[in-house]
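The structure appears right after this line, and notes come after that.
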Amino acid sequence: MSPWSGDRCGAHPEQCERTHVVRNSLDTAALDAAIENVHRAGMPGLFAEVRDGDRVWLGAAGVADVATGRPVTAGMRHRVGSITKTFTAAAVLQQVEAGRIGLDTPVGRYLPKLVPGERGDAITVRMLINHTSGLAEYLPYAYPSLKPFPALAETGPRSLDDHRFTRFDPTELIEMGVAAPAVGAPGGAPGVYSNTNYLLLGRLLEQVTGTTAEQYITRNVIERAGLRDTELPAGPYVDGPHSHLYEAWFGMIDPPRDYSVYDMSWVGPAASLLSTVADLNRFYGMLLAGEIVSPSSLAQMQRTGPVISQEGKMIHYGLGLHPMEGSGEGTFWGHGGTVWGGGALAMTRADGKRQMAVAVNLQRWNRLDSSGKPQPHPIDDALATLYHVAMYG
């Protein structure tokens, strides 16, 4: 996750409840306790789906609306942030398979006006997908109150309100990132995570397919996977049952403010996706089974290198996928994501049999200490425990 950055259970809660209490190899009691503990630690609401083969646990704890006490349910639609990147990466790899895009072709061959000159010749499509392009993040330039980032104490949330209904032009956002000082040499290690890369991939898809990235991804990734509750939204509203999304911005918004109504053009094909925990597990299960891209493309997606995340941590990152590993428990693949107020994490074991998708409705809950660094919060440990029980318990 970044600092920005069956039947739906909302319609049929009784079906969710039946699934919730089925006894199987999943430790449902431990999952029940773990998800409740995240809520007790301070998360207003969260929900999750865990799969082990054909066995399913669905859980939810807390509220979708702190004013009314309306509860969250496990079938709610949710803004899942940078999980979108896996969908966009898969779409690009489909076009690589079709011979319309070269993974190691310079992006300047396709988009010479957006990435001109020597940089366009040096930055390949692969470098965009795995964040080794050296292109800077555009967000601090699009959101003036975030300009001091990564000096969090000097940032402020004012721009979040200013841009709630702003319809950003992706070309202008890309130009901000390209014009900003480079954060590394093309292909250098470690890479630096940047949403600029994925806005460029959206324009690349448009260039080679003759349709918008959103339309292509919808038809060839979302619909191909049979996802009924997933979409790249055109407007600021979430259709169907959903939670409010509460942004705290490191304690600077107190009480946290609802940003569930928000125009997502600020991230587009980098982080705008709406989905459900069930759809996310279905998607990653099919991806890892070679049903969205070919097995050879999946192998490319799982080739990782070091990348500095937006939290400043070193992670391993492939082509729109990153791994999580437990000691002796096998590797999980997936992605995390955040938007203003909302977050999600979806991870699937390499053999596809164990899956986890978790959605939360509060972001940047860590207040800053005197040095400006986020302080530990009980939510951190509670979420880590939930993830561990979901994946390995």
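The values are calculated or read from the model by the stated rules, or taken from the named source; none is laboratory data. From a predicted model like this one, the values you see are computed outputs, not experimental measurements. Cβ sites come from the backbone with ideal geometry, for glycine too, and all protein chains shown count toward neighbours.
Starting from residues that are farther than 16 Å from ASP279 by Cα and of a type outside the set (A, V, I, L, M), keep the ones in region 1-11 and report whichever is modelled with the lowest pLDDT. It would help to see each step written out before you state the result.
Initial filter on region 1-11 (farther than 16 Å from ASP279 by Cα): 1-5.
Narrowing further to those that are of a type outside the set (A, V, I, L, M): 2-5.
Working: SER2: 51, PRO3: 52, TRP4: 48, SER5: 45.
It comes out as SER5.
Is it fair to say THR124 is polar (S, T, N, Q), crowded, with 22+ Cβ neighbours inside 10 Å and over 15 Å from GLN207 (Cβ atoms)? If you could, list the steps in order and put the result at the bottom.
On the way: polar (S, T, N, Q): yes; crowded, with 22+ Cβ neighbours inside 10 Å: no; over 15 Å from GLN207 (Cβ atoms): yes.
Considered against the rule, which asks whether it is polar (S, T, N, Q), crowded, with 22+ Cβ neighbours inside 10 Å and over 15 Å from GLN207 (Cβ atoms), THR124 comes out as no.
Filter region 221-242 down to the residues that are within 17 Å of the chain's Cα centre (by Cα) and assigned to a loop (DSSP other than H, G, I, E, B) and list them by number.
Correct list: LEU227, ASP229, THR230, LEU232, PRO233, VAL238.
Cβ-Cβ under 7 Å, sequence separation 6+ or interchain: first residue in region 103-128 and more than 19 Å from ASN195 (Cβ to Cβ), partner of a type in the set (Asp, Glu). Which pairs?
Hits for this filter: PRO106/ASP121; GLY108/ASP121.
Every residue in region 66-90 that is outside any strand (DSSP E or B) and over 16 Å from the mean Cα position of the chain (by Cα), please. Write out each step before concluding.
To start, the set of residues in region 66-90 that are outside any strand (DSSP E or B) comprises 66-70, 72-76, 80-90.
Answer for region 66-90, where residues must be outside any strand (DSSP E or B) and over 16 Å from the mean Cα position of the chain (by Cα): VAL66, ALA67, THR68, GLY69, ARG70, VAL72, THR73, ALA74, GLY75, MET76.
Select from region 150-167 the residues that are under 18 Å from VAL267 (Cβ atoms) and acidic (Asp, Glu) and write down the one among them that is nearest to the chain's Cα centre (by Cα). So that I can check it myself, show each step before the final result.
At the first step, the residues of region 150-167 found to be under 18 Å from VAL267 (Cβ atoms) are 155, 157, 159-167.
Applying the additional criterion that residues be acidic (Asp, Glu) yields 161-162.
Details: ASP161: 22, ASP162: 23 Å.
Selected residue: ASP161.
Can you pull out the residues in region 21-65 that are at pLDDT 95 or above, in contact with a helix residue (DSSP H, G or I) (Cβ under 9 Å, 6 or more places away or on another chain) and part of a loop (DSSP other than H, G, I, E, B)?
ALA41, GLY42, MET43 - these are the residues of region 21-65 that are at pLDDT 95 or above, in contact with a helix residue (DSSP H, G or I) (Cβ under 9 Å, 6 or more places away or on another chain) and part of a loop (DSSP other than H, G, I, E, B).
Determine, yes or no, whether TYR246 is within 25 Å of MET356 (Cβ to Cβ), touching a Ser or Thr at 6+ places or on another chain (Cβ under 9 Å) and at pLDDT 95 or above.
Numbers: within 25 Å of MET356 (Cβ to Cβ): yes; touching a Ser or Thr at 6+ places or on another chain (Cβ under 9 Å): yes; at pLDDT 95 or above: yes.
Yes, satisfied.
Quick check, is GLU325 more than 23 Å from THR196 (Cα to Cα) and surrounded by fewer than 16 Cβ atoms within 10 Å (Cβ to Cβ)?
Details: more than 23 Å from THR196 (Cα to Cα): yes; surrounded by fewer than 16 Cβ atoms within 10 Å (Cβ to Cβ): yes.
Taking the combined requirement at face value, the residue satisfies it.
Residues LEU227, LEU232, LEU274: which one is within 29 Å of HIS163 (Cα to Cα), crowded, with 17+ Cβ neighbours inside 10 Å and touching a helix residue (DSSP H, G or I) at 6+ places or on another chain (Cβ under 6 Å)? Spell out the reasoning first.
Values: LEU227 fails: within 29 Å of HIS163 (Cα to Cα); LEU274 fails: touching a helix residue (DSSP H, G or I) at 6+ places or on another chain (Cβ under 6 Å).
The match here is LEU232.
Kindly establish whether VAL107 is under 25 Å from the mean Cα position of the chain (by Cα), surrounded by fewer than 23 Cβ atoms within 10 Å (Cβ to Cβ) and among the β-branched types (Val, Ile, Thr).
Values: under 25 Å from the mean Cα position of the chain (by Cα): yes; surrounded by fewer than 23 Cβ atoms within 10 Å (Cβ to Cβ): no; among the β-branched types (Val, Ile, Thr): yes.
Judged against the criteria, VAL107 is not a match.
Testing PRO190 on (1) under 19 Å from the mean Cα position of the chain (by Cα); (2) more than 17 Å from SER272 (Cβ to Cβ), one condition comes back false. Which one is that?
It fails just one condition, (1).
Among (1) crowded, with 19+ Cβ neighbours inside 10 Å; (2) part of a loop (DSSP other than H, G, I, E, B); (3) modelled with pLDDT of 95 or more, where does VAL307 come up short?
If we test VAL307 against (1) crowded, with 19+ Cβ neighbours inside 10 Å; (2) part of a loop (DSSP other than H, G, I, E, B); (3) modelled with pLDDT of 95 or more, just (2) comes out false.
List every residue pair whose Cβ atoms lie under 6 Å apart, where the two residues are 6 or more positions apart in sequence or sit on different chains, the first residue falls within region 359-381 and is under 18 Å from ASP258 (Cα atoms), and the second residue, located anywhere, is assigned to a helix (DSSP H, G or I).
Pairs found: ALA359/VAL277; TRP365/ILE379.
Quick one: which helices (runs of 4 or more DSSP H) lie wholly within region 139-185 and hold at least 2 residues that are among the acidic types (Asp, Glu)?
Numbers: elements: 139-142, 158-162, 170-179.
Those helices (runs of 4 or more DSSP H) span 158-162, 170-179.
Within the group PRO140, PRO144, which residue is at pLDDT 95 or above, crowded, with 19+ Cβ neighbours inside 10 Å and either closer than 19 Å to GLU311 by Cβ or touching a helix residue (DSSP H, G or I) at 6+ places or on another chain (Cβ under 7 Å) (or both)?
PRO140
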